[in-house]
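The values are calculated or read from the model by the stated rules, or taken from the named source; none is laboratory data. Just so it is clear, the structure is predicted and the values come from calculations on it, not from any experiment. With ideal geometry, Cβ positions are generated from the backbone for all residues, glycine too; neighbour counts draw on all protein chains shown. For accessibility, only protein heavy atoms count, side chains too; no ligands or nucleic acids. Shrake-Rupley method; radii C 1.70, N 1.55, O 1.52, S 1.80 Å.
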Amino acid sequence: MSQKLRVFATCDIGDDALNILRQKGYDLEVYPQPEAPPKSLIVEKVKSGIDGLITTLRDPIDAEVFAAGKGTLKVVAQLAVGFDNINRADANKYKIPFTHTADVLTEATAEFAFFLMGALARKLWPAEHLTRNNQWGYWHPYLPFLGDEVTGKTVAVIGTGRIGLALIKKCAGLDMNILCFDPAYENHEYIKAIQETMDLRFHRGISREKTSIRYTSLQEALRTADFISLHVPLVREGESGTPTYHLINETTLRAMKPTAMLINTSRGPVVDEIALARALRENWIAGAALDVYAKEPLPADSPLRDPAIADRCRLLPHFASAARITRLSPDPNKGMAGRCVQGLIDVLEGNYGGDITKMPYVVNKEAFAK
Ligand code: GLV
């Protein structure tokens, strides 16, 4: 390399992956604080002529950033599958490719949604509090409260991309009936294969009840499901024909059964939090488990923190992909950090014959089609 490639990372994504860049002789600067850097610093670094920018979902990457990198910035490599913090239209306008880390967090996120569903339904948090607070006065058939089994219930999987499909596979293992809805994409082959495994489990005596899976309308999914789990990307009005912003709102919450529970591991703005807090307070639905929020970290005055709904509202800190290998492995087929770094290298070193449309982790390939 005649001139060192310069990279700025807005966050420490772990030495295992970053050392790959150091060993290649890149000039790498990592923002040292755990919090996100101010946007003005990102703009300043980009303006200074860096070749690559490593980002996380906390960094707003828009026209101002891309304009600052005009002629010098060659790639933005995001450590996340979701990229709603990156303005795709602006990236395309400046012809700067950006990459993401799909696939390696699919199972981690799906299992987290699955565990949240179980924790919520079986009231693990209030039950542990009872024990810890020394309020466990007796064993009793139904006092002080009961939870609900997940086995045999109906789950609505809203969004059947990678993570939704992985959740389906896990729910089938609990003999759940599965309703699928996706505003943009349906995978009938996968659903057919799951139905075949469900039928086999029943015929071989592994499942006691026959179970089923099918695509349906959002209305039917909301009206009939016991659990509703969200797996759609955040798409704001005007960004595509199928926006998901506030997909869960007063109207859709009121359509759910009063016993239904909502799980959100997708993006916070898919849910109208004010409407959800009210739905929990007024018992329109029975519970919610959230890992993502409109504003992160969750503000101190969020209505979701209302102590009156604490027993039925689980609040997690955007933690679904937070497993050691998932987050930090330098192997691009296992870890977000490895995949992030590889996406950056592909562009900066012109892998795939320098054809950006062939690079597997680039998102906005459309800007580079010949
Ligand atoms: C996490 O939320 C991600 O998009 O990777």
TODO: Heads up, I need the accessible area for ILE178: 1.4 angstrom probe, whole protein in place, Å², nearest 10.
DONE: 0
Open item on the list: Taking 8 Å as the Cα distance limit and 6 or more residues as the minimum spacing, I'd like the relative contact order of region 106-315 as a percentage.
Closed with: 19
Open item on the list: Per residue, how large is the accessible surface of the chain? Use a 1.4 angstrom probe and give square angstrom.
Closed with: 49
Task: Kirkwood estimate for region 219-368, i.e. one over the average of 1/r between Cα atoms, Å - done: 17.6
Task: Bins of 10 Å from zero: percent of alpha-carbon pairs in the chain - done: 5, 22, 29, 23, 15, 5, 1, 0
Open item on the list: Please report the net charge: other residues with Cβ closer than 11 Å to the Cβ of ASP291, K and R +1, D and E -1.
Closed with: +1
Open item on the list: Can you give me the distance in nm between label points at PHE145 and ILE206, each placed 7 Å from the Cα along the Cα-to-Cβ direction?
Closed with: 3.5
Task: Nonlocal amide H pairs with THR154, under 5 Å, H built at 1.01 Å - done: ASN177, ASP226, PHE227
TODO: Using every pair of alpha-carbon atoms in region 98-157, split the distances into 10 Å bins beginning at 0 and state the percent of pairs per bin, rounded to integers.
DONE: 18, 36, 25, 15, 6, 1
Task: Compactness of region 194-261 - radius of gyration and Dmax, Cα, Å - done: 16.1, 50
Task: Surface share of carbon and sulfur [accessible, 1.4 angstrom probe, percent] for region 118-230 - done: 53
- [ ] Using only the alpha carbons of region 35-193, determine the length spanned along each of the three principal axes and report them from longest to shortest in whole angstroms.
- [x] 70, 46, 21
TODO: Sort out for me the Cα centre separation of region 293-365 from region 151-196, rounded to whole Å.
DONE: 22
- [ ] Can you spot the lysines whose alpha carbon is less than 20 Å from LYS192's alpha carbon? Ignore those fewer than 8 places along the same chain.
- [x] LYS153, LYS169, LYS170, LYS210
Task: Shape of region 145-257, Cα gyration tensor, a/c cut at 1.5 - done: oblate
Open item on the list: Taking amide H atoms as placed 1.01 Å from N in the peptide plane, list the residues 5 or more away in sequence, or in a different chain, whose amide H sits under 5 Å from that of ILE263.
Closed with: ILE228, SER229, LEU230, ALA289
Open item on the list: Could you work out the percent of alpha carbon pairs in region 106-315 separated by over 33 Å, rounded to a whole number?
Closed with: 15
